[in-house]
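One structure is given here, and the rest of the page talks about it.
The values are calculated or read from the model by the stated rules, or taken from the named source; none is laboratory data. Everything numeric here is computed off the predicted structure, so don't read it as measured data. Note that we place each Cβ from the backbone using ideal geometry, even for glycine, and neighbour counts take in every protein chain shown. Side chains are part of the model used for accessible areas, which takes the heavy atoms of the whole protein and leaves out ligands, DNA and RNA. Shrake-Rupley method; radii C 1.70, N 1.55, O 1.52, S 1.80 Å.
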Amino acid sequence: MTDPATTHPKIDTSVPHSARIWNYWLGGKDNYPVDAEAGDAYTAVFPGIVTIARSSRAFLRRNITYLVAEAGVRQFLDVGTGLPTADNTHEVAQRLAPEARIVYVDNDPMVLAHARALLTSTPEGATAYADADVLDPDRILAAAAGTLDLTRPTALVLSNILGHISDHEQARSIVTRLMDALPSGSYLSINDGSRGVDPDFERAQDAYNESGAVPYNLRTVDQITAFFDGLDLVDPGVVPVTHWRPDAASPAPVLVGEHGGLARKS
């Protein structure tokens, strides 16, 4: 575990950063002019990215709500946390179950610098932060075990993080390693940018990846679905994030190039 009070990460504010750009699209304040400039350049080519970003966050909120209120889950391992915005995992979970315990995992210096915002918790529950790379699942599990009881059902959350792993089989292997360490009754929540839905989104993302920025790899719906192999998908399965159990009072969901699902380990 890392103590943000004694760690002084180096943050480069001269080049845009994907976590800060995402924060900008979500309406957050943890970004710099260079990030806003890059975000605006992207939206000039594909304005729908803001809808994708906000739909992704809403999908996560609905996932966590289901897990707490309907599945009875009280432990969450959120890998690739990103910068804190509204309705972070611990806020949604502890609002419904104050005793919920959450471990956030990221290796981004900017996220580490803002870890104090993530480390708030109800007195009954716990929230912790682990400085670890998604490519090192064993380190993630060791760090999580300091706060979570990994013999009890746990929800593994991988929200817009697997696209940073270019090799699909490597990404699948990491997901499998993490889920293998969790007991029956645990859940896997994934959402990621998808190919085959919105050509404009794909062109914008491909151009972004070729710009020298840290690339984010879109995957086909079949590839995203493959992450859930061996698990029992919760209805409606792997669908555009806007179509996953939308709020009853919401307008008719739009189709977006971002797919997600939730599945249970038997």
Check: Looking only at the range 216-234, which residues are open to solvent by 60 Å² or more (accessible area, probe 1.4 Å), in a loop (DSSP other than H, G, I, E, B) and on the phi < 0 side of the Ramachandran plot?
Finding: ASP229
Next item on the list: For residues that are crowded, with 20+ Cβ neighbours inside 10 Å, under 13 Å from GLY230 (Cα atoms) and β-branched (Val, Ile, Thr), tally how many sit in the range 162-189.
Entry: 1
Notebook entry, point to check: Within the range 19-41, can you find the residues that are in a helix (DSSP H, G or I), at pLDDT below 85 and charged (D, E, K, R)?
Noted result: ARG20
Next item on the list: Can you confirm whether the range 200-207 contains a residue that is free of Cβ contacts under 8 Å to residues at least 40 places away in the same chain and either open to solvent by 60 Å² or more (accessible area, probe 1.4 Å) or basic (Lys, Arg) (or both)?
Entry: no
Check: Restricting the search to the range 163-211, which residues are under 21 Å from VAL45 (Cα atoms) and part of a strand (DSSP E or B)?
Finding: ASP192, GLY193, SER194, ARG195
Notebook entry, point to check: Does PRO16 satisfy being more than 18 Å from the chain's Cα centre (by Cα), buried (at least 19 other Cβ atoms within 10 Å of the Cβ) and not in a helix (DSSP H, G or I)?
Noted result: yes
Margin query: Tell me which strands (runs of 3 or more DSSP E) are completely within the range 42-161 and hold 1 or more residues being open to solvent by 10 Å² or more (accessible area, probe 1.4 Å), touching a residue at least 40 places away in the same chain (Cβ under 8 Å) and at positive phi, or say none if there are none.
Written below: none
